[in-house]
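Asks: Sending over a structure as structure tokens; questions will come in a sec.
The values are calculated or read from the model by the stated rules, or taken from the named source; none is laboratory data. Because the structure is a prediction, the values reported are computed rather than measured. Glycine gets a Cβ as well: all are built from the backbone with ideal geometry, and neighbour counts include every protein chain shown. These accessible areas exclude ligands, DNA and RNA; they are computed on the full protein's heavy atoms, side chains included. Shrake-Rupley method; radii C 1.70, N 1.55, O 1.52, S 1.80 Å.
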Amino acid sequence: MPRPNLGSSFAWFACAIGIVISLIGLTLATGGLWLIWLGGSWYYFLAGFALLVSGILMIVGRVSGAWVYFAVFVCTIIWAFWEVGLNGWALVPRTIAPTVLLVFIIAALPGLTTNITKRSAILGAVATIILAIGAGFAVHALASQPSVQPLPETAAAAMPDTSPLQVGDDWPAYGGTYAARRYSPLQQITADNIGQLKRVWIAHTGDLPSPSAKNTYGAETTPLKVGDTLYLCSAKDIIIALDAATGKEKWRHDPKVSDEHIPYTAACRGLDYYPVPNAAAADLCATRIIEGTLDARLIAVDAKTGEPCRGFGTNGQIDTNANIGDDPPGMLSITSAPTIVRGVIVTGHQVLDGQKRDAPSGVIQGFDAITGQMRWAWDMKEPDRSGPPPPGQTYSRGTPNMWTTASGDESLGLVYLPLGSSAVDYWSGSRSDFEKQWSTSLVAIDVTTGKPAWHFQTVHNDVWDYDLGSQATLVDFPTAGGTVPALILPSKRGDMFVLDRRSGKPLAGVEERPVPQGGVEPEQRAKTQPFSQYHTLAKPELTEAMMWGISPIDQMICRIQFKMATYQGIFTPPVTDGHSVEYPGYNGGSDWGGIAIDARRGIIVANYNDMPNYNRLVPRAEADKLGWTPRDQTRGTIGAPEGAGDPQAGAPYAINVNAGWRLPVTGLLCKQPPYGGIEAIDLKSGRTLWDRPLGTARTNGPFGIPSMLPVDIGTPNNGGAVVTAGGLIFIAAATDDLVRAIDIKTGRTVWSDVLPGGGQATPMTYQVDGKQYVAIMAGGHHFMETPVSDQLVVYALARQ
């Protein structure tokens, strides 16, 4: 065969392609040897060695180099389908980059042989691109269709709501009511007319971040609606009242919170509305809005005017920092709406995680909703005390706290507290018996006494930051003996527990299963952990084949990291010698967005995250050398992901968490998509009705470059859903800046709109003068890397 003219441009192009392929081959062969030594796949070494041969042959102008590559490509496709089947996203790193190289090699063939014309090479390359794109979309479409199981024939139970405030035209509490069902009986908007849903108005909070706080914003707000007024709080706790039909501002109250009090995130998830019993309508604060602030105040203002309720606490506010002790700004805050049951405001605090063992207390406090007087304080290490500590003392330091929102049962007089773990999440050596007893538990508090009525623990001696972030949702649960007052408790692990809300007794099976042992303090690890037999959002355990990336090289890097790490499934203990994989990670399963329940159909709707963390306990001397110090000594961690270089002062180890397990250069995650999803679950049986990815790839891509692909990759998500009697699920939450409506029967998106900022909040719906509206706060979120905005966006049907 005649040798091509090396002076031609195509010859030099072929030589350049040969150099690139040689470098790729050398990288894969070297890394592949390491992976084989770790006990991993042989593919990368074999493919890398063959690519190295292919590249060298092409450099010297041999067409055989192209044929070697063609052989590697065919073998790669066979191997890819053998390893992951028709999983479209799993095929991406295995096939896309090799196909791109194939296109370049076809284009370079005229530089390697005189038997291929330039025109033929270009046509071949174009044909390869078209076939690859078509095959990719076909495989993805085939692999991503949700499987829909038969829906319940009738509602599992009528499920009356005992809350004194009822959802209908209104949305009077953060979760709809204190039962936290996030369900509306409104049905004007349906799948048949959803195409007519349009923006009708936008309101601005005017609370965009200052330069010093730009990396901390994440409003997370769900408004309330009562009568003709919409109430919301901004990221820095400005309370705003709007005309619910027009968005026209009625009043605002600014509590003047300083930026120094922002913890990881400036957020106000919600407010409380409280009508004073037997008060005259004309009285000041006959109806009131109550808010917890970033600087840990409780504030009460008149719902009609925004004026402070002078008879509440001191001039309308209470400082819940009293008797806390050492409390530098930002360490103690209230970011979630309190819960009011029988006239008692129940609140906890967000205590900044990972800073020091001697952190502020996780004390739970109850205050009179009219006077603001303290009714009780539950300090778990002081079970015989029901009020403040004696003079000169503080509430017990470092105890588990409640940073999220409680739910409540007015008839039983119980408030259900989702608790976290003790300060210093990833080390348990100094925890007291009381802390181990109550941590990562749902605790039912009697609001008349402030004493626990019962508790249910979801993780024993938690060192994974699996704190309970979701509200428990109150339902009447169907059993063989009839309906039982119950609650559904979602968890970050993914497991859902069904409990009798009177006693805490499980109504569906809970099994104690053996879990991995070892780690840095093996004597501390529980031998078993509780697993729900009702339902779990958790996916199968990770394997090497589930590692991902944009190309075979970064997928190989993730495989090497996986094989080097300690991973024994869920509850793998933290280690200091190397890394451990935590799956799901601390942002996994169900977080503060909680679940929604279709009360008419008996269906649970749950969105979830499905990402691992890559963790390492860092010895104290090493952490000190790195300069990792607590919040009261430096503000260097402000805005950083939770666990990323947290000092854990007072423990022998700091913690470094690679949240989501990201690659350092491309920024992609090491686990294959999806990273988040949404499920519909039969309330009665716990069976999955459908399960699908939540979030498109439109704003996501390697190196932070948006791909603009409108395909459902399943992104990380923060925020929850609202379900309506019209058969629709409204949800944003994902990182694609979309709010969407999903048909509850099929799981398919039937409408969406691009928001002006990230939709990391839970929508709500309400009605005014017979017209149904849907509202979502598009505030964005620094941790989710979505655009920050100060806009509340409201939708309604263009025609009725």
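Asks: Looking only at the range 767-800, count how many residues are among the small types (Gly, Ala, Ser), over 22 Å from Gly227 (Cα atoms) and within 28 Å of the chain's Cα centre (by Cα).
Replies: 4
Asks: Restricting to the range 681-708, name every residue that is part of a loop (DSSP other than H, G, I, E, B), closer than 24 Å to Arg601 by Cβ and among the aliphatic types (A, V, I, L, M).
Replies: Leu683, Leu694, listed by residue number.
Asks: Go through the range 228-245 and count every residue that is within 23 Å of Leu208 (Cβ to Cβ) and among the acidic types (Asp, Glu).
Replies: Selection size over the range 228-245: 2.
Asks: Looking at the range 390-400, which of its residues are touching a residue at least 12 places away in the same chain (Cβ under 8 Å) and open to solvent by 10 Å² or more (accessible area, probe 1.4 Å)?
Replies: Gln393, Thr394, Ser396, Arg397
Asks: I'd like to check something: does the range 635-647 contain any residue that is modelled with pLDDT of 90 or more and either open to solvent by 20 Å² or more (accessible area, probe 1.4 Å) or over 30 Å from Val484 (Cα atoms) (or both)?
Replies: Yes, the range 635-647 has at least one match.
Asks: Go through (1) over 13 Å from Phe571 (Cβ atoms); (2) hydroxyl-bearing (Ser, Thr, Tyr); (3) touching a residue at least 40 places away in the same chain (Cβ under 8 Å); (4) open to solvent by 20 Å² or more (accessible area, probe 1.4 Å) and name the single condition Thr528 misses.
Replies: (1)
Asks: Within the range 194-216, is even one residue open to solvent by 60 Å² or more (accessible area, probe 1.4 Å), outside any loop (DSSP other than H, G, I, E, B) and at pLDDT below 95?
Replies: yes
Asks: Still on this model: Scan the range 62-80 for residues that are open to solvent by less than 50 Å² (accessible area, probe 1.4 Å) and outside any helix (DSSP H, G or I) and report the count.
Replies: 1
Asks: Hey, another quick one. Tally time: how many residues in the range 59-70 are over 43 Å from the mean Cα position of the chain (by Cα) and either closer than 27 Å to Glu544 by Cα or modelled with pLDDT of 90 or more (or both)?
Replies: Total satisfying the criteria: 2.
Asks: Okay, next question. Hey, among Val711, Val723, Val739, which residue is of a type in the set (Val, Ile, Thr), over 17 Å from the mean Cα position of the chain (by Cα) and either modelled with pLDDT of 95 or more or assigned to a loop (DSSP other than H, G, I, E, B) (or both)?
Replies: Val723
Asks: Let me ask something else. Name the one entry in Leu51, Leu23, Leu86 that is loosely packed, with under 15 Cβ neighbours inside 10 Å and over 37 Å from the mean Cα position of the chain (by Cα).
Replies: Matching residue, one of Leu51, Leu23, Leu86: Leu23.
Asks: I would also like to ask the following. Output the residue which, of all residues in the range 471-499 that are without any contact (Cβ under 8 Å) to a residue 24 or more places away in the chain and not hydrophobic (A, V, I, L, M, F, W, C), is nearest to Gly176 (Cα to Cα).
Replies: This residue is Gly482.
Asks: Still on this structure, I have one more. Give the number of residues within the range 562-575 that are surrounded by 17 or more Cβ atoms within 10 Å (Cβ to Cβ) and either more than 19 Å from Tyr426 (Cβ to Cβ) or at pLDDT below 95 (or both).
Replies: Qualifying residue count, the range 562-575: 2.
Asks: All but one of (1) of a type in the set (S, T, N, Q); (2) under 16 Å from Ile106 (Cα atoms); (3) modelled with pLDDT of 85 or more hold for Ser9; state the number of the condition that does not hold.
Replies: (3)
Asks: Test of understanding: among Leu112, Leu102, Leu123, which residue is at pLDDT 85 or above and not hydroxyl-bearing (Ser, Thr, Tyr)?
Replies: Selected residue: Leu102, the only one of Leu112, Leu102, Leu123 that is at pLDDT 85 or above and not hydroxyl-bearing (Ser, Thr, Tyr).
Asks: Against the definition (of a type outside the set (Asp, Glu), modelled with pLDDT of 85 or more and in contact with a strand residue (DSSP E or B) (Cβ under 9 Å, 6 or more places away or on another chain)), how does Pro93 come out, yes or no?
Replies: Considered against the rule, which asks whether it is of a type outside the set (Asp, Glu), modelled with pLDDT of 85 or more and in contact with a strand residue (DSSP E or B) (Cβ under 9 Å, 6 or more places away or on another chain), Pro93 comes out as yes.
Asks: Would a scan of the range 505-521 turn up a residue that is in contact with an Asp or Glu (Cβ under 8 Å, 6 or more places away or on another chain) and open to solvent by less than 10 Å² (accessible area, probe 1.4 Å)?
Replies: No; the residues of the range 505-521 include none that is in contact with an Asp or Glu (Cβ under 8 Å, 6 or more places away or on another chain) and open to solvent by less than 10 Å² (accessible area, probe 1.4 Å).
Asks: So Asp476 fits all but one of (1) open to solvent by 10 Å² or more (accessible area, probe 1.4 Å); (2) at pLDDT 95 or above; what number is the exception?
Replies: So the condition that Asp476 fails would be (2).
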